[in-house]
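These notes are about the structure you will find just below.
The values are calculated or read from the model by the stated rules, or taken from the named source; none is laboratory data. Everything numeric in this text was worked out from a predicted model, so none of it was measured. No Cβ is skipped: glycine too gets one built from the backbone with ideal geometry, and neighbour counts run over all protein chains shown. These area figures cover heavy atoms from the full protein model, side chains too; ligands, DNA and RNA do not enter into them. Shrake-Rupley method; radii C 1.70, N 1.55, O 1.52, S 1.80 Å.
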Amino acid sequence: MKKRLAFTYVFYFCMTLGPWYADSIFSFDESQILWLNFVFTVLTIVPIWIWNRDVLQPRLFRPTMLAGLDGLVVLWIFFRSFANVPNGVVLFFIALVNVALVEEIIFRGIFYSSFLAMDSPVRASVLTSVLFTAMHLPRIWFQNEIWFVSLGCLFALSLFLCLIFYWSRNVLLAGIMHFFMNYFQFSNLFVLIMVFHVVYLLVLKKWKARKEAV
C-alpha cells in the first residue's frame, strides 16, 4: 500500500506540472490552456483510479441530503459567475471537477482513507494535509504568493476537509466544500457555510449514535 501511495503522489505531482510546462513551450491561448488542463486531468485521474480502485469504494460517492443542498449553491454559483462569460461552462467544469473533485478523490478518497486504515485520525489528517500543502508549492512559486501565508491557509483548510470527510465519509461532499473554498475564499459566506456543515454533520453523527444505541 505504501509503495502504491508513494507512486500515486509522485505521478500526480508530475502530471500537475504538465500544463504549465506545455504552455511555457508552446504559448497556448486561454481556450487551449483550458482544454489542455482537461486532457491532463483525464490522463491523470484514470490511471490513479485504476491503481487505487480497492480504496475508492462506491459508498464514498453516494449522494446525500447535505450534498444535494450544496448542489443548489453550486448551481447558483454557475449562473452567477460562469454562465454568461466566454468559455464559462469549461471554466466551471475545471473549477468543480478538474480542481476540487479530483483533488478530493486523491487526497481524501485515496490518501486520507488509506492513512486512516493505518493510523489515528489526527495523524492521518496531519499527514494528508502535509502532502496536500506540498502539492501546491509549484503554484505558490509560479504565482509569487506569500509562501508562509499560503501554506498555512492550505494546511488549515486541508485539516478542515479531512474533518468533513471523517464525519461524512463522502468524497462528493468534500469536493463541493473544496470548490466553495476556492470560490468564496475567506468571505463571511464561506465561514457561514463551514459552520453550517460542522453543525449539520455533528447533529447527524449524534442522531445516528442514538439510533444505534436504541
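Annotations for the structure displayed:
- Cα gyration tensor category, rounded, prolate or oblate, for the stretch 4-63 with a/c compared to 1.5: oblate
- Take the Cβ atoms of Lys3 and Phe79, set R0 to 41 Å, and the FRET efficiency comes out at 0.35.
- For the chain, the longest principal axis of the alpha carbon atoms and the long axis of helix 30-51 meet at an angle near 50°.
- Note on Gln32 and Asn87: the model spin-label points, each 7 Å out from Cα along the C-beta direction, lie 1.1 nm apart.
- Part-to-part distance (alpha-carbon centres) for the stretch 198-212 and the stretch 82-96, which is given in Å: 36 Å
- Overall, the anisotropy analysis places the stretch 114-214 in the oblate class: the square-rooted eigenvalues a ≥ b ≥ c of its C-alpha gyration tensor yield a/c not less than 1.5, with a/b not exceeding b/c.
- Whole-number accessible area per residue in Å² for the chain, which is evaluated in the context of all protein chains at 1.4 Å: 57 Å²
- Degrees separating the helix 65-77 axis from the principal Cα axis of the chain, which is the longest one: 30 degrees
- Evaluated at q = 0.07, 0.16, 0.17, 0.18 Å⁻¹: base-10 log I(q)/I(0), Debye formula over Cα of the chain: -0.22, -1.23, -1.39, -1.54
- The chain - percent of accessible surface contributed by carbon and sulfur, probe 1.4 Å: 71 percent
- Principal-axis tilt of helix 121-135 within the chain, Cα atoms, nearest 10 degrees: 10 degrees
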